[in-house]
Amino acid sequence: MSLWGAILLAVSLCADCFAVSLCSSVTVRRIDWKNVTLISLSFAVIQAGLLFAGWGLGELLHGFVGHAARVLAFLLLVLVGVSMLREGISGKQEVRNLDSFRNVLLGGLATSIDAALVGASQSIAGLQWKGFVPLFAAVFAVTAVSVVLGILGGSRIGARFGRSSEIAGGVVLILIALWNLFR
């Protein structure tokens, strides 16, 4: 796989990571770079790790996860989106944002299931290790950068628009979940 092909595929895979980090960070008022770094690296490790797992397991993973992946991603994104809506409407902050390991893990998994399928499809198509390495590196790097940008953007949007941005973020995540389920 060419470097440009790997970057384009990485950008398409990390769109959900960007959306989740953007929507989930609207309640962040002060940027803590240590947390931003840990969150972005967590998303990148999960995304690249599932890509690698999919590539490594090839046809087996594709057949097993292929049917359930959309439903699983849908359920995880709806869980996060409904939580955001509930908190935005009630005005109470619970554990939905990316301040807990559980929520980072849920967000990372919800946005990375498709990476496993892409990895499996690349394996089935015959992509060898030499061609896989640029894809793996691009997915890791682009995901980390997209999450940092999402957190920074979400924080600014939240500071400007308050609770209404949290409600909008919840709606966006639910719409992304529905789009992924029915596409």
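If we keep just the residues of the stretch 131-153 that are over 16 Å from the mean Cα position of the chain (by Cα), modelled with pLDDT of 90 or more and not aliphatic (A, V, I, L, M), which is most open to solvent (accessible area, probe 1.4 Å)?
Once the filter is applied, the top-ranked residue is Pro134.
Going by the structure shown, is Phe74 at pLDDT below 80, surrounded by fewer than 16 Cβ atoms within 10 Å (Cβ to Cβ) and under 15 Å from the mean Cα position of the chain (by Cα)?
Spelling it out, it is not the case that Phe74 is at pLDDT below 80, surrounded by fewer than 16 Cβ atoms within 10 Å (Cβ to Cβ) and under 15 Å from the mean Cα position of the chain (by Cα).
Here are Arg86, Arg96, Arg156: which of them is modelled with pLDDT under 75 and open to solvent by 50 Å² or more (accessible area, probe 1.4 Å)?
Arg86
The values are calculated or read from the model by the stated rules, or taken from the named source; none is laboratory data. Bear in mind that the values here come from a model prediction, so they are computed numbers and not experimental data. All Cβ positions, even for glycine, are placed from backbone atoms using ideal geometry, and neighbour counts span all protein chains on display. These area figures cover heavy atoms from the full protein model, side chains too; ligands, DNA and RNA do not enter into them. Shrake-Rupley method; radii C 1.70, N 1.55, O 1.52, S 1.80 Å.
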